[in-house]
Amino acid sequence: MVDSLEKKSFATALAGYFGNFKLSEHATGVGFILLFLLATIVGWPNFLQFRNLTNILRQISYTGIIGLGMTLIIISGGIDLSVGSMTAFTGGITIFFLNLFPGDSVLAVILSSMFAIVFGSICGLFNGLLVTKGRIAPFIATLGTMSIFRSLIQYFSGAGNILSNNNLYADIGSGVFLRIPVPVWVFIAVAVVLHIVLNDTRFGRYVCAVGANEQVARYSAIKVQTIKLIPYVITGFTAGLTALLWSSRLNCINPSDCTGYELDAIAAAVIGGTSMSGGKGSVMGTVMGAVMLGMINNMLVLGGVSSYLQQAARGLVIIVAVLLQYNNKN
Amino acid sequence: MRKVALVVLIVLMTVMPLFAQGGKESAVTKIGVSIPSADHGWTGGIVWWAEKAVNDVKAEMPGRFEFRVVTADNPSSQVRNVEDLLVWGMDYLVILPHESAPLTPIVKEVHTQGVRIIVVDRGLTDTSFGYVNLAGDNTGLGRLSGAWLAKTMKAEGLKNYVAMGGLPVTIDTERMNAFFAEMDKDPSLVNLLGKDKYEFADWSTQKGLSLMETFLQQYPKIDAVFCQDDDVLTGVLQAIKESGRKDIKVALGGAGSKVVYKMIMDGNPLVRATATYHPSMIADGIHYIVDVATGKKPDDFHLANKPTSMVIPSVMVDKTNVAQFYEPDSIY
């Protein structure tokens, strides 16, 4: 009796769930599954190999990690175009810092890792202060710092490769733990933390509120300026992490590395359902968006699609993914 | 307060250059150098070699020349740079154009003002007026790379190869076509991507790395990789190293970076050669114009009704001759 009741309630719950299933609420998930199936077919049989999947995850983790921070900025109503330059800048300065220590010192690697994260956060703080204290539109402020960061690292390095003298440093970026590359672990960890921050903390709710309507948020006694500032610092933090992971992968960094990261990071967030007008978005959506971008690239190469047409295919998938969301909203 | 600060800043920026230039009118020859900004390793090399040539000339003949080296990150800002150099009153222009077509009109205008011009690397689309074109040898890079790779693969009984290009632009197509022309001569060599097919690595280390990861996944046996550029090669080698695969026997880049010269010198088993397309060509251009200005070379090219073309030939660098190309201080 009890058993059948439970079964029945489960069945109704299931029916209720599917009865209320709205494509708009799950557009990213549906798009993700469709794309995964498409990639499996186009890239058969190599796409499904474990190594290929971890390759994809590692390839997207660099821009993915930044995309997670970017999601918070976009939700708060801002944008950060400087992340690519910031990553190269932070990576380069970090290697200069690392090279202050002689030999293969473990301590140097640990200190440099912390240095990268702190330095990135400071760059992010700088952006945030320009936007909040300087009251410059985020697009303009970060367009400015984008050039500043890039130009500074080219100046300091003479536009040449910045090589590290510490062989242990390379173990971070090219390391593998439980068959999963280190950058992927970091990506997952940051995603989980920021997911909790966005959904289960007061700060997360305030970010949404400020992005949705700044005036109303101000009248609700939210410290709008502080709430707008913190996402930039978080994004700087994620750029610092990426700088650490990328510069240690090859144990060197080129000042022209990481160009275009901002576009991939923004694309990941938008594909993942984050609204460019602010107020709404999800960290897990961005994770899926970033992975989708990686799957597209991988599938096109595996499928032997003309290299001239690959960018078009990529653009098409981005547009379709976003159409799927917006057309179902109203 | 902010407004006041802004106004002061603008005034300063307008006035400062006036002071900087004031009272310098004399017999010094003004040479403008317009180059792309350092957006990847090779253009980084261009900037470095331009600065080096300028400093060398200044040290050799102090006070004789005044230089302005300006960089641009896209063709339209390069046009603006050249306009600025014209206002500055340059007597000579050394230019490495971003793209030929958009820069041609402004260079022609500069020519009508009597400025002697050297165009380095790629030419202009208008060839009806007189300038020196010191051209890089893209076809040569592709041809030498193809011939070397075909010969090496043949000698070692290797068969399967994959190929990467840069970006879909003219110079890239010239390189790849010349490369495949050589490779196709030997029907026993198999391009795993299909005849004359290749993927774009954007002349970027990161793109080369992820492309190679995908190739390694896709093809169980690869004997050789041609990736056309030494920056891309860094990424390719990293992917091979991380995969632990031992089947790849040859990896060939191109252009001639310091890092790759060092690998060749040290006897790297995978990296044994590279075809030059070296950023030092901008230094050749600057030294050429200095020779013209000091009368060591004729300047009648200016009056001709077609450009004087000179090609800086691509050279295959391997263990036998690498020592004469290696420049430890260069950044590229």
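Figures for the structure shown
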| read-out | value |
| --- | --- |
| Criterion: under 30 Å from B:LEU237 (Cα atoms) and surrounded by fewer than 24 Cβ atoms within 10 Å (Cβ to Cβ) - qualifying residue of A:CYS258, A:CYS252 | A:CYS252 |
| Complete set of residues in the stretch B:149-169 that are within 14 Å of another protein chain (Cβ to nearest Cβ) and not aliphatic (A, V, I, L, M) | B:GLY165, B:GLY166, B:PRO168 |
| Residue count, the stretch A:158-171 (criterion: more than 13 Å from chain B (Cβ to nearest Cβ) and buried (at least 20 other Cβ atoms within 10 Å of the Cβ)) | 3 |
| Enumeration of residues in the stretch B:241-258 that are away from every other protein chain (no Cβ under 12 Å) and either surrounded by fewer than 24 Cβ atoms within 10 Å (Cβ to Cβ) or outside any loop (DSSP other than H, G, I, E, B) (or both) | B:LYS246, B:ASP247, B:LYS249, B:VAL250, B:ALA251, B:LEU252, B:ALA255 |
| Residue within the stretch A:164-179 that is in contact with a Gly (Cβ under 8 Å, 6 or more places away or on another chain) and part of a helix (DSSP H, G or I) present | no |
| Strands (runs of 3 or more DSSP E) completely within the stretch B:94-165 that count 1 or more residues being among the small types (Gly, Ala, Ser) and out of contact with any His (no Cβ under 9 Å at 6 or more places or on another chain) | B:132-136, B:160-165 |
| Residues that are surrounded by fewer than 19 Cβ atoms within 10 Å (Cβ to Cβ), more than 12 Å from chain A (Cβ to nearest Cβ) and assigned to a loop (DSSP other than H, G, I, E, B), drawn from the stretch B:184-194 | B:ASP184, B:LYS185, B:ASP186, B:PRO187, B:SER188 |
| Qualifying residue in the stretch B:70-78 (condition: assigned to a strand (DSSP E or B) and either modelled with pLDDT of 95 or more or more than 25 Å from B:VAL311 (Cα to Cα) (or both)) | no |
| One residue from A:ASN166, A:ASN161, A:ASN213 being modelled with pLDDT under 95, in contact with a Leu (Cβ under 7 Å, 6 or more places away or on another chain) and at negative phi | A:ASN166 |
| Qualifying positions in the stretch B:158-177 - touching a Ser or Thr at 6+ places or on another chain (Cβ under 8 Å) and surrounded by 22 or more Cβ atoms within 10 Å (Cβ to Cβ) | B:GLY165, B:ARG175 |
| Elements of type strands (runs of 3 or more DSSP E) contained in the stretch B:260-332, each with 1 or more residues being farther than 18 Å from B:GLY41 by Cα, of a type in the set (Ser, Thr, Tyr) and under 20 Å from the mean Cα position of the chain (by Cα) | B:308-312 |
| Output for the stretch A:130-158, where each listed residue is more than 14 Å from A:ASP257 (Cβ to Cβ), touching a helix residue (DSSP H, G or I) at 6+ places or on another chain (Cβ under 6 Å) and β-branched (Val, Ile, Thr) | A:VAL131, A:THR132, A:ILE136, A:THR142, A:THR145 |
| B:ARG64, sole failed condition from (1) within 30 Å of B:TYR326 (Cβ to Cβ); (2) surrounded by fewer than 21 Cβ atoms within 10 Å (Cβ to Cβ) | (1) |
| Any hit, the stretch A:85-99, residues being away from chain B (no Cβ under 14 Å), farther than 26 Å from A:SER157 by Cβ, of a type outside the set (Gly, Ala, Ser) and buried (at least 24 other Cβ atoms within 10 Å of the Cβ) | no |
| Unique match (being surrounded by fewer than 17 Cβ atoms within 10 Å (Cβ to Cβ) and in contact with a Gly (Cβ under 8 Å, 6 or more places away or on another chain)) among B:ALA201, B:ALA155, B:ALA181 | B:ALA181 |
| Spans of helices (runs of 4 or more DSSP H) in the stretch A:213-330 with at least 3 residues within 21 Å of the chain's Cα centre (by Cα) and under 30 Å from A:GLY92 (Cβ atoms) | A:224-249, A:261-271, A:283-302 |
| Subset of the stretch B:208-236 that is assigned to a helix (DSSP H, G or I) and of a type in the set (Asp, Glu) - its residue that is nearest to the other protein chains (Cβ to nearest Cβ) | B:GLU213 |
| Checking A:GLY240 against (1) within 14 Å of chain B (Cβ to nearest Cβ); (2) touching a Ser or Thr at 6+ places or on another chain (Cβ under 6 Å); (3) under 20 Å from A:SER151 (Cβ atoms), the condition it does not meet | (1) |
| Matching residues in the stretch B:71-87 - criterion: being more than 16 Å from the chain's Cα centre (by Cα) and either within 15 Å of B:HIS111 (Cα to Cα) or without any contact (Cβ under 8 Å) to a residue 40 or more places away in the chain (or both) | B:SER76, B:SER77, B:VAL79, B:ARG80, B:VAL82, B:GLU83, B:ASP84, B:LEU85, B:LEU86, B:VAL87 |
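The values are calculated or read from the model by the stated rules, or taken from the named source; none is laboratory data. Quick caveat, the model's predicted, so the values are computed rather than measured. Please note: Cβ atoms are built from the backbone with ideal geometry, for glycine as well, and neighbour counts cover all protein chains shown.
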